[in-house]
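Colleague: Mind having a look at this structure? Questions to follow.
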Amino acid sequence: MNIPISVQVVTVVSSETGVNYQQVYVNNEDAAQADFDRQKVIHKDLLLEGWSVSLRRY
């Protein structure tokens, strides 16, 4: 029996040190999207300094 699995990864990358935050969600797209939106708000000022927030779906 094949059970469908979806994986979402939220990553915050700084311009100086690399990955600052990473969270993996399995079969929980709503939580991943909410965390992605939350990280954009938290790091809003840093995004202008070269940081990035990404949400990848696998």
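FYI, it's all coordinate maths here, none of it is from the lab. All values reported here derive from a predicted model rather than from experimental measurement. Reconstructed Cβ throughout: ideal geometry from the backbone, glycine too, with neighbour counts over all protein chains shown.
Colleague: Output the strands (runs of 3 or more DSSP E) that fall wholly within the chain and possess 2 or more residues being surrounded by 13 or more Cβ atoms within 10 Å (Cβ to Cβ) and either in contact with a His (Cβ under 8 Å, 6 or more places away or on another chain) or aromatic (Phe, Trp, Tyr) (or both), or say none.
Modeller: On the way: elements: 7-14, 18-26, 52-57.
Because the criterion is at least 2 residues that are surrounded by 13 or more Cβ atoms within 10 Å (Cβ to Cβ) and either in contact with a His (Cβ under 8 Å, 6 or more places away or on another chain) or aromatic (Phe, Trp, Tyr) (or both), the strands (runs of 3 or more DSSP E) in the chain that meet it are 18-26.
Colleague: Which of the residues that make up the stretch 2-45 are touching an Asp or Glu at 6+ places or on another chain (Cβ under 7 Å) and of a type outside the set (Val, Ile, Thr)?
Modeller: The answer is SER6, GLN8, SER15, GLN23.
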